[in-house]
Each structure stands twice: as structure tokens, then as C-alpha cells.
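As C-alpha cells, the structure follows; a few thoughts come after it.
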Amino acid sequence: MFLISQNYHTDGTVPWHILCDFDGTISLTDTTDQLLEHFAQPGWQEIEQQWLQGHIGSKLCLQQQIALLDMSVNELHQCLDRIEIDPGFMELVKITTQFQIPLTIVSDGMDLVIRHILKKHHLQHLPVIANRLVQTAERTWQLEFPNENANCISQSGTCKCKVAQQYPREHIILIGDGRSDFCLAAAADYVFAKKSLIQHCREHHIPHTAFSGFSDIYRPLAKLLHSDFELDDSAMVIT
Ligand SMILES: [Mg+2]
Ligand SMILES: [Zn+2]
């Protein structure tokens, strides 16, 4: 058992709040890519290229790609049931629940997809902020963007830094792995980074700890929650 005290307020008044990415961070594969590979009509790779080359933001990319999906609800669920999550996430949820540290999943993926996978793991109580997947006919779908921000540098569907602004009285810990996390990484008080987010944090001198699975996080997270955290110490790495 890892020791995290209930005194998680950094200065007696400011509590922590964990904002955790989903695709590639909790799920081991990207759920949107998985669905596109199985069910999208031709053309989705070209849209992906437009995004990779920086011609369009992720919002436009996702909007156009989801419109190409041809799948029933059952097919959607069967595909999602094969997606694995990092088993260490269950322990993170247990720890944060036990010590009352809010944990919100913030994703530039799709709400129905995330909720289906969470339910399978009995984690449906976790709050999810993501793009809204709407079924428009038996086999057609569209994506809606209740959390977009026209000023977002990454032009994503769900702007994570805008989401973080909903919690002005809390210190934000970001856990993430990629591009959809870049805009929040600079604004968060601390970052646990995986894959391309590690390089992004290094290049921008953002305080972070690199990890490859959630089991790497428990100890440094416990230390962080106990520390007298210096917000301007950009060299801070917790091991
Ligand atoms: Mg991700
Ligand atoms: Zn943003």
C-alpha cells in the first residue's frame, strides 16, 4: 500500500485535481483509430494525413472521420470490448477515491466509447469530459464538440486547457501521452507524461515525470501530494 495522506492540500487551502487523458493513457490503444480501421469508409487516412501535416486541427479531422463510420451499436460495442486498459489504472482509481482526490477523464476522443469501456471495468462513476458521439441513423454517426475553444492552439475538439479553467481553485495534475495534452501541459501545475508528451515537456521546460504505465505513478504521485510544491521549479522531477 502506498502512503498518501489526506493532507493533500498543498498550502492548506488548494486541493489537487487529476485530469487524466484516455486514449493511449488509460486504454492501451487509440480507440478512435481502432474504430476507423474497422468501420470507416475509404478516405479517413487522407483526412489523417491532413491533420498530421498540420493543415487541419484535430476537431475538423475527427468530425470528418466520424462521418465516414459505417457501424451498428452492436458492432461498436463488440469492437470496444476487445480494447484493453492499463491494469494499473484500477489501483490509481482506488487510491484517489480513498483519499478523495478528484479524478476526471478529459479526452479528445468520444464520450460513448470511453463510458462503455469504463462500465466494463465497473468505473462508470468516473466523470468524463469528451467529444459527444451521436448516432444519427442505424449505421451513421456524428461528433459534437461541447468543450471546444476557438482559441485552442491545437484546434482540438475538446480543449483541455479550457476544461482546466473550470477548476480555478484547484491545482491541476495532468496525466497524458500525446498531442491532445499539449495545450494543457503548459497550464497544469504538474504533468505525468508518456510517449510524445515526454518530449513536448522537455522541449518546453514543463515540470513532469515520465512514466510508461500507471504502476510507475503511485510513488511519485504520493511524494508530490506530500511535497511543498514549488510551482516555478521547472527542473522538478519526482522519482
Ligand atoms: Mg492520448
Ligand atoms: Zn486547447
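The values are calculated or read from the model by the stated rules, or taken from the named source; none is laboratory data. A quick note: this is a predicted structure, and the numbers were derived from the prediction, not measured. A quick note on method: Cβ atoms are made from the backbone with ideal geometry, for glycine too, and the neighbour counts reach across all protein chains shown.
Could you say whether any residue in segment 168-183 is in contact with a helix residue (DSSP H, G or I) (Cβ under 7 Å, 6 or more places away or on another chain), part of a helix (DSSP H, G or I), within 19 Å of residue 214 (Cβ to Cβ) and within 16 Å of ligand 2 (Cβ to nearest atom)? There is at least one residue in segment 168-183 that is in contact with a helix residue (DSSP H, G or I) (Cβ under 7 Å, 6 or more places away or on another chain), part of a helix (DSSP H, G or I), within 19 Å of residue 214 (Cβ to Cβ) and within 16 Å of ligand 2 (Cβ to nearest atom). Assess whether residue 223 counts as being crowded, with 22+ Cβ neighbours inside 10 Å and of a type in the set (Lys, Arg). Considered against the rule, which asks whether it is crowded, with 22+ Cβ neighbours inside 10 Å and of a type in the set (Lys, Arg), residue 223 comes out as no.
Looking only at residues of segment 167-196 that are away from ligand 1 (no atom under 13 Å from the Cβ) and aromatic (Phe, Trp, Tyr), we find that the one that is surrounded by the fewest Cβ atoms within 10 Å (Cβ to Cβ) is 167.
Would segment 64-80 turn up any residue that is touching a residue at least 12 places away in the same chain (Cβ under 8 Å), in contact with a strand residue (DSSP E or B) (Cβ under 9 Å, 6 or more places away or on another chain), among the charged types (D, E, K, R) and within 17 Å of residue 23 (Cβ to Cβ)? No, segment 64-80 contains no residue that is touching a residue at least 12 places away in the same chain (Cβ under 8 Å), in contact with a strand residue (DSSP E or B) (Cβ under 9 Å, 6 or more places away or on another chain), among the charged types (D, E, K, R) and within 17 Å of residue 23 (Cβ to Cβ).
Of all residues in segment 208-223, those satisfying the criterion of being touching a Phe, Trp or Tyr at 6+ places or on another chain (Cβ under 6 Å) and either modelled with pLDDT of 95 or more or of a type outside the set (Phe, Trp, Tyr) (or both) are 209, 211, 214, 217, 222. Pairs are defined by a Cβ separation below 7 Å, a sequence spacing of at least 6 or placement on different chains, a first member in segment 131-153 that is without any contact (Cβ under 8 Å) to a residue 24 or more places away in the chain, and a second member that is of a type in the set (S, T, N, Q) and away from ligand 1 (no atom under 16 Å from the Cβ); the pairs so defined are 134/142; 136/142. Would you check if residue 195 is within 17 Å of the chain's Cα centre (by Cα), on the phi > 0 side of the Ramachandran plot and modelled with pLDDT of 95 or more? Answer is yes for this residue. Does segment 17-31 contain at least one residue that is under 29 Å from residue 213 (Cα atoms), in a helix (DSSP H, G or I) and over 17 Å from the mean Cα position of the chain (by Cα)? No; the residues of segment 17-31 include none that is under 29 Å from residue 213 (Cα atoms), in a helix (DSSP H, G or I) and over 17 Å from the mean Cα position of the chain (by Cα).
Listed here are the residues, each with its yes/no results for (1) closer than 20 Å to residue 170 by Cα; (2) hydroxyl-bearing (Ser, Thr, Tyr); (3) touching a residue at least 40 places away in the same chain (Cβ under 8 Å).
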{"site": "187", "(1), (2), (3)": "yes, no, no"}
{"site": "195", "(1), (2), (3)": "no, no, yes"}
{"site": "200", "(1), (2), (3)": "no, no, no"}
{"site": "203", "(1), (2), (3)": "no, no, no"}
{"site": "214", "(1), (2), (3)": "no, no, yes"}
{"site": "223", "(1), (2), (3)": "yes, no, no"}
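Taking the conditions (1) of a type outside the set (Lys, Arg); (2) surrounded by fewer than 15 Cβ atoms within 10 Å (Cβ to Cβ); (3) farther than 27 Å from residue 223 by Cβ in turn, residue 127 satisfies each one other than (3).
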